[in-house]
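Contents: one structure, followed by commentary.
The values are calculated or read from the model by the stated rules, or taken from the named source; none is laboratory data. Quick caveat, the model's predicted, so the values are computed rather than measured. Glycine gets a Cβ as well: all are built from the backbone with ideal geometry, and neighbour counts include every protein chain shown.
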Amino acid sequence: MEPFPPIAEPGASDGRVRRSERSREAIVGALLDLIGSGVAAPTARQVAERGGVGIRSVFRHFSEMESLYAAMDARLESEVRRMFLGGDRTGSLEERALGFVRLRAAVFERVAPFKRAANLQRPRSRFLDQRHRAMQRELREDLLAWLPELRAAGAPAVEAFDLLGSFEAWDRLRTDQGIGAKAAVATLERLARALVADLGASTSPRTVVPSTRRRTPAKGGHAAAARR
């Protein structure tokens with residue numbers, strides 16, 4: 001994975017402030033590089049070595065983790081939002097459902113190490129918890145943009161597709177079940193087709209087929225008919 005370059009910001013007049021800003025950007029870049037390479041909880045020494053900054057500077061900035069989380073999130077957000085804008089949202093319900101899960105798979109594969117790391121820290125971070133909740137709402141809105149038919153299909157159908165397109169479903173396939181990205185996409189596609197078929201069956205008008213069975217007269221029916 002390519003390293004994240006530091007973001008250039010307007011320098012302050014005070015030299016110490018400029019040095020602090022440069023250190024902070026180096027630390028953010030180092031955190032992203034380490035987490036992106038699979039180190040879910042980097043140590044201060046690892047960050048210092050990767051960022052080329054002093055260990056004391058790392059400890060000083062680590063005391064403001066919420067601001068570091070926000071800076072890391074800002075770096076990733078622009079890339080992720082561009083990815084979410086992709087995909088062909090035209091075609092049949094099945095074509096769009098398949099496009100939906102394929103795009104989600106690509107996004108989640110890209111952000112997986114960062115999301116896993118964030119999940120570890122979320123119980124202790126107000127920023128990460130709020131960001132997670134906001135992302136769930138955004139993902140639901142994106143789902144309904146792909147498949148507007150779900151608005152009239154009822155809550156069970158919406159929840160089923162929402163689960164199918166969740167990071168948790170993708171991460172389970174990739175980590176707990178240990179299958180490759182290509183096989184994981186194929187699994188999601190198969191589930192998407194099944195949900196589309198179920199949705200079509202539940203929304204199609206039911207056809208009443210006339211019964212061909214002869215009705216059995218009730219007890220005493222023949223005798224009553226003869227008396228009439």
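Every listed requirement among (1) at pLDDT below 95; (2) within 24 Å of Leu98 (Cβ to Cβ) is met by Ala184 save one, (1). Of all the numbered requirements in (1) modelled with pLDDT under 90; (2) within 21 Å of Gln130 (Cβ to Cβ); (3) not polar (S, T, N, Q), Leu32 misses one, and that requirement is (1). Checking the stated criteria, Pro123 turns out to be surrounded by fewer than 16 Cβ atoms within 10 Å (Cβ to Cβ) and closer than 30 Å to Ile27 by Cα. Considering the stretch 90-125, and only residues there that are in contact with an Asp or Glu (Cβ under 8 Å, 6 or more places away or on another chain) and touching a residue at least 60 places away in the same chain (Cβ under 8 Å), the residue that is nearest to Met65 (Cα to Cα) turns out to be Ser125.
Please tell me if Asp129 is among the acidic types (Asp, Glu), modelled with pLDDT under 95 and surrounded by fewer than 15 Cβ atoms within 10 Å (Cβ to Cβ). Here the answer is no, as Asp129 does not meet what is asked.
Among helices (runs of 4 or more DSSP H) entirely within the stretch 53-142, having at least 3 residues that are among the basic types (Lys, Arg) and under 25 Å from Leu199 (Cα atoms) singles out 93-121.
With respect to the conditions (1) more than 25 Å from Arg110 (Cβ to Cβ); (2) surrounded by fewer than 13 Cβ atoms within 10 Å (Cβ to Cβ); (3) not small (Gly, Ala, Ser), Glu168 lacks only one, and its number is (1).
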